[in-house]
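Below: one structure, written as structure tokens.
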Amino acid sequence: MTLHLSMLIWMPAVFGLLACILPSRISGWGALLGSLGALGYAIACVIDFDTGAGLQNVTDESWISALGIHYKLGVDGINLFLVVLTTLLFSFAILWAVLEGRRERERQFFFWMALAHSFVLGSLLAQDLALFVAFFDLMLVPFFFLTGIWGGENRVAAVTKLFIYTLVGSLLMLAAAIATGVLAGGDGGPTFVLSELQQVTLSEDSQRWIFLCFAAAFLVKMPAFPLHGWMPDGYRAMPLPALAVFSAVLSKVAAYGFLRIVLPLFPDAVSDFQLLMLAIALASILYGSVMAFTTTEARLILGYSSVAQLGFIVLGVFSLQQDGAQGAILQSVNHGLVTLPAFFIIGLLALRSGGSTDIRDMGGVAFRAPVFAAFFLVVALATLAMPGSSNFVGEFLILLGVFRDHVVIACIAFAGVVMASVYMLRMFIRTMHNRVGPAVESRDLRFGDVLVLGPLVAVIIALALYPQLPIEKGERDINTSIVPAQQADGISQEQAQR
């Protein structure tokens, strides 16, 4: 059975347009219907997926023939579960926004959320470099509007910083993508189809500067230290449902870009800059963990935690080992699954603490909210990679991949695992236990809250019981994507499989 991936991409946007013409009180339900439809379509892709068969459900149409640009889509083991993650989290973020109640310009809010959903899916499914760059840049546009219209009091400064950082990264990536297509095409004209680009080897000097441009764009979007300057203001200002999908999903597209584009197309540059990327990843782990431990703003605790977790993912990718790369994809899924419920919990805590998201204003909520505390505990333990959780498997595979050739880096990175347990347990204990804050109202979850949290926690537990599913589905394609970089680095297949 052939599934048409264009339907998967554009279904949320179509229903987002429908939300614009529906009455405000039901516009959110229209957008939710589109996201749930995309979720069902993504699950059908998993059921239909033929493990080891390479790129599947391919759509390939010439788009701008004079420039060699194709509208090419496809799904394989690298992007399969990231697509499912995206549709799942956008569905529950929109449900969360619906249950929050009325807001100004409600129809426009759900339109921008739905449009962001479509653009992220386009980035993950694009198999043409120019198409990927277009979706990658477009997926940020809805968040400018979501932050600028519905954000907090410092939203103008936040949007300005986010725009400047991402504009620079986008221009660098655009220049690098054009250069790649022109240099690879030669006298026959430019080409941007990824499968064709992988058959061409660029000169090492060209690979170096192109690699640095792509790396800068991806590291800004993740964000990674030291290119995270937009993150504190952005995380404080974004409305929580939008921030939850931004942190849980958009950062993974950047990490995915390394595996999909950078490693297969620029293997010599990957080998040259491997230690630099491992150093950036290690710095992100340590910096993010320390900052998450020192701040009292709950939004920023999760923000800096994401910096650290994305550091682990980059570490896995640039280990250039099969274990590390598989762990990076698994950890991308894991981190997204715990991030959205964590931000939802912050929203619930703020409702019980007079609107404050500072953990010093919270405390004692678990006294009359045992169900709430139990859900939060599952999310917290998964975030800190408790043994028995899928996050533990992901981090273990990453550290195993790094340990093979870079023992010192792996040992230092392990400190990030330890610090994660400190800052997450600190946040859980400070909000759920200790003395009840002066403005804290301790009450348990409503039905609507359970409707959002319950299924997500169930998925976290299910993946903890069987983390092998995404590993098995993605093993062949992930391994194939890192082979050129392994060969450039002098790693034989026998060494990679030991």
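Brief remarks on what is shown
- Cα-centred dipole magnitude for the chain, charges only on beta-carbon of K, R (+1) and D, E (-1), debye, nearest 20: 1820
- Along the axis of the charge dipole computed for the chain (Cβ charges of +1 for Lys and Arg, -1 for Asp and Glu, origin at the Cα centre), the listed residues Ser332, Leu124, Val46 are led at the positive end by Ser332.
- 5 angstrom amide H check on Trp63, placed H, neighbours 5+ away: Ile69, His70, Tyr71
- Look at Phe312, Phe367, Phe258 and count the other Cβ atoms within 10 Å of each Cβ; fewest to most, that gives Phe367, Phe258, Phe312.
- Stokes-Einstein diffusion coefficient of region 273-498, Kirkwood radius over Cα pairs, 20 °C, 1.002 mPa s, in µm²/s: 118
- Computed packing ranks the peptides 410-421, 234-245 as 234-245, 410-421, most packed first, by mean other Cβ atoms within 10 Å.
- C-alpha center-to-center spacing [region 76-129, region 319-379] in angstrom: 19
- With contributions of -39500 (n - 2.57) from each DSSP H run of at least four residues, the per-residue ellipticity at 222 nm computed over the chain stands at -24000 deg cm²/dmol.
- Packing-based exposure ordering (other Cβ within 10 Å, fewest first) of Cys45, Cys213: Cys213, Cys45
- Separation between Cα centres of region 255-291 and region 431-457, rounded to whole Å: 38
- Each eigenvalue of the Cα gyration tensor of the chain, multiplied by 5 and square-rooted, gives one semi-axis; in descending order these are 35, 26, 21 Å.
- Restricting region 95-131 to GluC sites (Glu not before Pro) in coil, as DSSP defines it, with at most 11 other Cβ within 10 Å: Glu104
- In terms of other Cβ atoms within 10 Å, Trp63, Trp96 run from fewest to most in the order Trp63, Trp96.
- Residue list for region 103-119, given a label point 7 angstrom along the Cα-to-Cβ vector of Leu138 and an amide N cut-off under 12 Å: 115-119
- P(r), alpha carbons of region 1-105 - 5 Å bins starting at zero, rounded %: 2, 12, 18, 19, 15, 13, 10, 7, 3, 1
- For region 11-128, the relative contact order works out to 38 percent when only alpha carbon pairs closer than 8 Å and six or more residues apart are counted.
- Cα-based helix-to-principal-axis angle, 204-221 vs the chain, degrees rounded to 10: 10
- Three-way shape call for region 391-454 based on the alpha-carbon gyration tensor, with the a/c threshold at 1.5: oblate
- Stretch gain in nm, segment Leu275-Leu212, where the contour uses 0.36 nm per residue and the Cα spacing is subtracted: 21.3 nm
- Partners for Lys161 among lysines (Cα-Cα distance below 29 Å; same-chain residues under 8 apart left out): Lys221, Lys252
- Per residue, the average separation of C-alpha pairs within less than 8 Å and at least 6 apart gives the chain a relative contact order of 16 percent.
- The phi torsions of region 142-153, fed into the Karplus equation with coefficients 6.51, -1.76 and 1.60 and a -60° offset, translate into couplings of x, 6, 4, 6, 4, 7, x, 9, 10, x, x, 5 Hz, rounded to whole numbers, with Gly and Pro shown as x.
- When the Cα positions of Phe110, Gln322, Gly74 are compared along the charge dipole of the chain, Phe110 comes out farthest toward the positive end, with charges on each C-beta of Lys, Arg, Asp and Glu.
- Under 10 Å, Cβ to Cβ, from Leu73 - net charge with Lys/Arg +1 and Asp/Glu -1: -2
- Under 5 Å from the amide H of Asp358 lie the amide H atoms of Ala298, each residue being 5 or more positions distant or on a separate chain, with H modelled from the backbone and absent for Pro and chain starts.
Readers should treat all values here as calculations from the given coordinates under stated rules, not as data from a laboratory. A quick note: this is a predicted structure, and the numbers were derived from the prediction, not measured. Here Cβ is always computed from backbone atoms with ideal geometry, including for glycine, and neighbour counts include all displayed protein chains.
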